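Structure first, commentary second.
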Amino acid sequence: MRNEFRTAFVREPQNLRHCPALVLNADYRPLSYYPLSLWPWQDAIKAAWLDRVDIIAEYEEVVHSPSTEIRIPSVVVLKDYVKPQKRVAFTRFNLFLRDEFSCQYCGARGDLTFDHVVPRARGGVTSWENVVAACSKCNLKKGSQMLSRSGMSLIKPPRQPASEQLRNQGRKFPPNHLHESWMDFLYWDAELEA
């Protein structure tokens, strides 16, 4: 029993499991905002060791090798710039992000699914311009009717988002945990309000 405890502890030490590193592109912007570009501490140390990243900020925690003591990186920046994708993938997650995780018929949040504005049964296609986030209640209410016959209306018409638009949307939905060393790098390029 004692040996099993030691093995489990060595494989997954409690205090080091929750030390992710924020990954910044060479221009000091996060690779993505939502989900936030994070690496496990092991990957951040490996990338630093292989000279692929520079360490910008560190946690107080350290890890040891037989000959070295290393502070765990909390922010790393890539040495080579990674060009962001221009085309946004049509995924359920990106659709919900475009629609700000709210039903496009009533504005409700939670219990979301997606709805074809022009139903597939009536020739509608699965595309950015025809699919919206919808709560289960509105989706059932609309059914396979055309929008005009259902008595419902859209909050905003569906459009294909640009990658920059989704990146800006992602800033509105920060993860549950934001380390203090990340704050200077997350919102410095956001437009200031007057």
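One line per residue, one yes/no per condition, for (1) among the charged types (D, E, K, R); (2) within 25 Å of ARG87 (Cβ to Cβ):
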{"site": "GLY123", "(1), (2)": "no, no"}
{"site": "SER127", "(1), (2)": "no, yes"}
{"site": "SER144", "(1), (2)": "no, no"}
{"site": "SER150", "(1), (2)": "no, no"}
{"site": "PRO161", "(1), (2)": "no, yes"}
{"site": "GLU164", "(1), (2)": "yes, yes"}
{"site": "ARG167", "(1), (2)": "yes, yes"}
{"site": "GLY170", "(1), (2)": "no, yes"}
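Those residues that are charged (D, E, K, R) and in contact with a strand residue (DSSP E or B) (Cβ under 7 Å, 6 or more places away or on another chain), I need them from region 116-158; list them, please.
LYS142, the sole residue that qualifies.
Just to be sure before I move on: is LEU154 assigned to a loop (DSSP other than H, G, I, E, B) and either of a type outside the set (Phe, Trp, Tyr) or closer than 30 Å to VAL76 by Cβ (or both) in the structure I sent?
Here the answer is yes, as LEU154 does meet what is asked.
Looking for something more than 19 Å from the chain's Cα centre (by Cα), at pLDDT below 80 and of a type in the set (Phe, Trp, Tyr) - is there at least one such residue anywhere in region 29-37? Explain how you work it out, then say what you get.
Quick first cut of region 29-37, residues more than 19 Å from the chain's Cα centre (by Cα) only: none.
No, because not a single residue in region 29-37 is more than 19 Å from the chain's Cα centre (by Cα), at pLDDT below 80 and of a type in the set (Phe, Trp, Tyr).
Say we look at region 140-151 and pick out the residues that are without any contact (Cβ under 8 Å) to a residue 12 or more places away in the chain, of a type outside the set (D, E, K, R) and in a helix (DSSP H, G or I); which of these is surrounded by the most Cβ atoms within 10 Å (Cβ to Cβ)?
Step by step, filter region 140-151, then rank; the result is SER150.
Being closer than 30 Å to ASN130 by Cα, among the charged types (D, E, K, R) and at pLDDT 90 or above narrows it down to one residue among ASP99, ASP43; which is it?
Step by step, each of ASP99, ASP43 is checked, and only ASP99 is closer than 30 Å to ASN130 by Cα, among the charged types (D, E, K, R) and at pLDDT 90 or above.
For (1) assigned to a helix (DSSP H, G or I); (2) of a type in the set (Asp, Glu); (3) exposed (fewer than 12 other Cβ atoms within 10 Å of the Cβ), each residue gets a yes or a no:
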residue	(1), (2), (3)
ALA121	yes, no, yes
VAL125	no, no, yes
CYS138	yes, no, no
ARG159	no, no, yes
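All but one of (1) under 19 Å from the mean Cα position of the chain (by Cα); (2) of a type in the set (A, V, I, L, M, F, W, C); (3) at pLDDT 95 or above hold for VAL117, so report the exception by its number.
(1)
For region 161-184, which positions are of a type outside the set (Lys, Arg) and part of a loop (DSSP other than H, G, I, E, B)?
Kept after step one, since they are of a type outside the set (Lys, Arg), are these residues of region 161-184: 161-166, 168-170, 173-184.
Hits for region 161-184 are PRO161, ALA162, PHE173, PRO174, PRO175, ASN176, HIS177, LEU178, HIS179.
The values are calculated or read from the model by the stated rules, or taken from the named source; none is laboratory data. If you're wondering where the values come from, they're calculated on a predicted model, not measured in any experiment. Every residue, glycine as well, gets a Cβ built from its backbone with ideal geometry; the counts of neighbours run over all protein chains shown.
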